[in-house]
Amino acid sequence: MKNYTVWLKTASIFLFVTAAIHAITLFVTLPPNNETERQLSALMDTYKFDLGAGFHRTMSELTLPLSACFCLVCLLGGLLNWYLLHKKVEPKIMKGVISINLIVFGICFVLIVIFTFLLPIILMGLIVLFLILSRFTAPKNS
């Protein structure tokens, strides 16, 4: 499998899967398991921070757009890669696009490893792995 397009398509598919799985969490909330989680959940949904300039938001209101942006970044990466492959863009440009993907999703992977749990770590790790494979199997000459 020395063809970089296979690896890039696989990375794109995993970007779509990650976006879809994460989007589900925007609509489904897990019930609290104990009294401490119930209190925390109530505070996340009701306590409003004074953010200045008339903005008063709960922690849930602040995390919702951040979670949505993660879905959108994954969707953007997958769609861009898929589109450029479909248009048969020359490998020199694709190497640059893959390198940009690696920087963005590599930083995202490090943050996910530090701050989240197993499923997003595995999904983003696979995305970065397939991007690395596509970068190193891309043709050297154009």
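The values are calculated or read from the model by the stated rules, or taken from the named source; none is laboratory data. Bear in mind that the values here come from a model prediction, so they are computed numbers and not experimental data. Methodologically, a virtual Cβ is constructed for each residue, glycine included, from the backbone with ideal geometry; neighbour enumeration extends over all protein chains shown. All accessible areas refer to the heavy atoms of the entire protein, side chains included, with ligands and DNA or RNA removed. Shrake-Rupley method; radii C 1.70, N 1.55, O 1.52, S 1.80 Å.
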Tell me which residues, restricted to region 118-141, are modelled with pLDDT of 95 or more, open to solvent by 60 Å² or more (accessible area, probe 1.4 Å) and either touching a strand residue (DSSP E or B) at 6+ places or on another chain (Cβ under 6 Å) or over 15 Å from Ile100 (Cα atoms) (or both).
-> Leu118, Leu119, Ile122
If you take the residues in region 62-73 that are open to solvent by 80 Å² or more (accessible area, probe 1.4 Å) and modelled with pLDDT under 95, which one is nearest to Leu26 (Cα to Cα)?
-> Leu64
For region 109-142, which residues satisfy the criterion of being hydroxyl-bearing (Ser, Thr, Tyr) and part of a helix (DSSP H, G or I)?
-> Ser134, Thr137
Unique match (being out of contact with any Cys (no Cβ under 8 Å at 6 or more places or on another chain) and outside any helix (DSSP H, G or I)) among Gly78, Gly52, Gly96, Gly106 = Gly52
Which one is least open to solvent (accessible area, probe 1.4 Å), of the residues in region 74-97 that are touching a residue at least 24 places away in the same chain (Cβ under 8 Å) and over 15 Å from the mean Cα position of the chain (by Cα)?
-> Met94
Report yes if Ala68 is more than 20 Å from the chain's Cα centre (by Cα) and in a helix (DSSP H, G or I), otherwise no.
-> no
Taking region 55-65 as the region of interest, how many residues are part of a helix (DSSP H, G or I) and either more than 20 Å from Ile112 (Cα to Cα) or among the hydrophobic types (A, V, I, L, M, F, W, C) (or both)?
-> 4
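One line per residue, one yes/no per condition, for (1) basic (Lys, Arg); (2) part of a helix (DSSP H, G or I); (3) surrounded by fewer than 12 Cβ atoms within 10 Å (Cβ to Cβ); (4) touching a residue at least 24 places away in the same chain (Cβ under 8 Å):
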position	(1), (2), (3), (4)
Lys2	yes, no, yes, yes
Thr10	no, yes, no, yes
Leu15	no, yes, no, yes
Thr18	no, yes, no, yes
Pro31	no, no, yes, no
Thr36	no, yes, yes, no
Gln39	no, yes, yes, no
Met44	no, yes, no, no
